[in-house]
Amino acid sequence: MDELRALTATMAQEGLRRLLVISGDERWTLAQAEHLRTMLVGDWLSVSPQAMPEPHCPPGALMTLLGREFHHAVFDARWGFDVAAFAALSGTLRAGSWLVLLTPPLSRWAELPDEDAVRWSDTPDPIPTPNFIQHFCHHIKHHPDTLIWQQGQPLQVPDTVPRPRWHPACGQPAAEQARILAQLAEMPAGIAVLTAERGRGKSALAGMLIRRTAGKTLVTAPAKAATDVLASFAGEGYRFMAPDALLASDETADWLIVDEAAAIPGPLLQQLTARFPRVLLTTTVQGYEGTGRGFLLKFCARFPQLRAFTLAQPQRWAQGCPLEHIVNAALLFTDATFHVPPQGDIYFTPVEQQAWRTHPALPGALYQLLSGAHYRTSPLDLRRMMDAPGQHFIAARSDTVPAGALWLVEEGGLSPALSQAVWAGFRRPRGNLVAQSLAAHGGSPFAATLKALRISRIAVHPQAQRQGTGQRLVEQAWLAAQGCDYLSVSFGYTPELWRFWQRCGFTLVRIGTHREASSGCYTAMALRPLTASGQTLAAHEHQRLLRDLRWLTPWLDETFPLTASDDAMLNDDDWQELASFAFAHRPLMAAVGSLHRLLLQVELPLPALRGRLARQSESQLCAASGLSGRKALLRQMRQEAARAMAALDAPRTESLREQVSEMQFF
């Protein structure tokens, strides 16, 4: 322990932080952590799903602490390993800190169920995660500056090579910060983005900008608590407003600063940037906050005059910090794949999860490529890629780095009874994104019984685009899907993306009625059938989309390249769909076409249903009908639909009610 104290003092002098892994049974690991708390002075934030000494934070709430700093912390991974929270915690620790990780015995860890896996594996129960745990253990065991203390063994504190004395930031801008501040001070109207890894002083720079700006500046961010560092540098000029409150106000300012901008939904961010003459967006380029290189590729690419800045030199700790190095390596936060161009002929090969154990460089490069192309990537995607059931990958390989990557997920194969229960809205089991959506929002109660592969993600290296690599990857996915009923894709609709999927042979079968928070686009789903059953499903759902389009269009502020059908007659599918709305839990918008066709056949008043389908607001309808809220309004609309059905055909309505009601007892 004297050696550990001495090393801790040296870490503070050299500006370093380290990882200490305590591995053993639950009581022993916790006892050692408690001993460290009493031995070393510090904040000792505990992050655990279980009750721990204060200050304590459950892993799911840790994101609210981003932007704050702590001295020493304990992360509890004894039952499950939330690696996104682990990485985020590492970014909050200042120089001289230990991050103490509590784990089961390392020799057994890979065999044990991980409770965190339920969040990302689409499994109902925890599963072992051997690929990730072995990958993580390999990195910590081979990193010379990581300490591992295993039960039954003494703690070995290694000799360290002396490093130069570290001088912490003094409150004045460092050279990198000063250059950027000078350019921002002279910036005309427009948008600037500042990206960096955590700890490089982004928030400090934003605060310095506020202090140096003569005009009015407003700050917004996903959480006010995350702007503590920014506020400390801004002084009296700091003024915060939440993003939605800011948009609802008539506030004006010379500058708007958006801290951790990539964590704000794209449509909201788009509106914010349009409101103010000068905007500074700051964001972390590493993946644990759902950001990454994709933020620059996706959101920022829409601003041709954007000014981009980056900070490379750490401010809160020294260059070469061991904790930062091990977290980056273990969670693949580097994006080296983007810095090397693909060279030579391109060939395609499947990559399965066992490659993480045999040839880890290839799946690692694929992950970097896939994550860099999607700015909502987080370490949960890495966990899913490594260990979730039913995941498959295809690489477009070159002589240097992958030119492209495609991620496939197995879907469908639900029992007929479960598929019907999903269709009626009684059940929503985990996973099966497209398969369940086709059942829950489409017209076939048995849609989820068919087997499919869904293209979850596809990415092409920026220096290999416009060469047909993407289409060739999809063709490889088509070959991999042989034996399934269809290949599917769900994507944020843009005309350009749809043209790509159309060229790949897909048929559009569903359009969502709400824009995605991340992309600002409507969700679109498309199928490419492989079997007769798949062809029947694709044709049926496409025709249903065309029949409903005239009534969907008023709810959408986007034009789609489809020709609406003028068929306004009720058919057997409509009666089934109406029953699932009236007597089960099918959403209103999933039955909007059938409900409109129903109302054309009856003359009953039906004020709630007619009003809502005419797009009257829910609050107006509740006030007019004396209803208590949205749930009461929905009940009223279901009852009105049942009355309209009975007015047309009472025996058929009653028979359908009995059939649908039976589905809830699956």
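Step by step: first the residues of region 233-245, then only those that are within 24 Å of residue 181 (Cβ to Cβ) and surrounded by 14 or more Cβ atoms within 10 Å (Cβ to Cβ), then the one that is farthest from the chain's Cα centre (by Cα). Which residue is that? Here the answer is 237.
Residues of region 169-221 that are closer than 21 Å to residue 90 by Cβ, among the charged types (D, E, K, R) and assigned to a helix (DSSP H, G or I): 202 alone.
Among residues that are of a type in the set (Ser, Thr, Tyr) and loosely packed, with under 15 Cβ neighbours inside 10 Å, residue 536 is included.
The numbered conditions (1) crowded, with 21+ Cβ neighbours inside 10 Å; (2) in contact (Cβ under 8 Å) with a residue 60 or more places away in the chain; (3) more than 24 Å from residue 317 (Cα to Cα) are all true for residue 49 except (1).
Could you check region 319-341 and list, in sequence order, the residues that are in a helix (DSSP H, G or I) and not hydrophobic (A, V, I, L, M, F, W, C)?
Quick first cut of region 319-341, residues in a helix (DSSP H, G or I) only: 322-330, 336-339.
Within region 319-341, 322, 324, 325, 328, 337, 339 qualify.
Inside region 591-615, residues that are more than 19 Å from residue 555 (Cα to Cα) and either crowded, with 18+ Cβ neighbours inside 10 Å or within 38 Å of the chain's Cα centre (by Cα) (or both) make up a count of 1. Restricting 58, 104 to residues that are more than 18 Å from residue 21 (Cα to Cα) and in contact with a helix residue (DSSP H, G or I) (Cβ under 9 Å, 6 or more places away or on another chain) narrows the list to 58.
When residue 445 is tested against (1) closer than 25 Å to residue 116 by Cα; (2) part of a loop (DSSP other than H, G, I, E, B), exactly one condition is not met: (1).
Quick check on my filter: what residues within region 491-513 are outside any loop (DSSP other than H, G, I, E, B), polar (S, T, N, Q) and at pLDDT below 95?
Step one: list which residues in region 491-513 are outside any loop (DSSP other than H, G, I, E, B), which gives 491-492, 495-503, 507-513.
Restricting the remaining residues to those that are polar (S, T, N, Q) gives 502, 507, 513.
Matches in region 491-513: 513 only.
With the requirement that a residue be free of Cβ contacts under 8 Å to residues at least 40 places away in the same chain, assigned to a helix (DSSP H, G or I) and more than 13 Å from residue 261 (Cα to Cα), what does region 225-248 give you? Can you show your working first?
Step one: list which residues in region 225-248 are free of Cβ contacts under 8 Å to residues at least 40 places away in the same chain, which gives 231-232, 234-248.
If we keep only those that are assigned to a helix (DSSP H, G or I) too, we end up with 231-232, 234-237, 243-248.
Hits for region 225-248 are 231, 232, 234, 235, 236, 237, 244, 245, 246, 247, 248.
For the structure I just gave you, tell me whether residue 344 is outside any helix (DSSP H, G or I), surrounded by fewer than 24 Cβ atoms within 10 Å (Cβ to Cβ) and at pLDDT below 95. Spell out the reasoning first.
Working: outside any helix (DSSP H, G or I): yes; surrounded by fewer than 24 Cβ atoms within 10 Å (Cβ to Cβ): yes; at pLDDT below 95: yes.
Considered against the rule, which asks whether it is outside any helix (DSSP H, G or I), surrounded by fewer than 24 Cβ atoms within 10 Å (Cβ to Cβ) and at pLDDT below 95, residue 344 comes out as yes.
Inside region 294-334, residues that are within 23 Å of the chain's Cα centre (by Cα) and either modelled with pLDDT under 85 or of a type in the set (S, T, N, Q) (or both) make up a count of 11. Residues in region 53-81 that are charged (D, E, K, R) and either at pLDDT 95 or above or not in a loop (DSSP other than H, G, I, E, B) (or both): 76, 78.
Within region 119-135, does at least one residue satisfy the condition of being at negative phi, part of a helix (DSSP H, G or I), aliphatic (A, V, I, L, M) and touching a strand residue (DSSP E or B) at 6+ places or on another chain (Cβ under 6 Å)? Within region 119-135 (the criterion being at negative phi, part of a helix (DSSP H, G or I), aliphatic (A, V, I, L, M) and touching a strand residue (DSSP E or B) at 6+ places or on another chain (Cβ under 6 Å)), the answer is no, since none of the residues qualifies. Could you list, in sequence order, all residues of region 216-232 that are crowded, with 22+ Cβ neighbours inside 10 Å and over 26 Å from the mean Cα position of the chain (by Cα)? Passing the criteria: 217, 218.
Of all residues in region 252-261, none are at pLDDT 85 or above, more than 30 Å from residue 329 (Cα to Cα), out of contact with any Phe, Trp or Tyr (no Cβ under 8 Å at 6 or more places or on another chain) and in a helix (DSSP H, G or I). Residues in region 26-66 that are over 18 Å from residue 93 (Cβ atoms), among the hydroxyl-bearing types (Ser, Thr, Tyr) and touching a strand residue (DSSP E or B) at 6+ places or on another chain (Cβ under 9 Å): 29 only.
Any residue in region 529-551 that is in contact with a strand residue (DSSP E or B) (Cβ under 6 Å, 6 or more places away or on another chain), in a strand (DSSP E or B) and under 23 Å from residue 444 (Cβ atoms)? Yes, some residue in region 529-551 is in contact with a strand residue (DSSP E or B) (Cβ under 6 Å, 6 or more places away or on another chain), in a strand (DSSP E or B) and under 23 Å from residue 444 (Cβ atoms).
The values are calculated or read from the model by the stated rules, or taken from the named source; none is laboratory data. It should be emphasised that the depicted structure is a prediction, and the values quoted were computed from it without experimental measurement. Quick reminder, even Gly has a Cβ in these numbers, built from the backbone with ideal geometry, and neighbours come from all protein chains shown.
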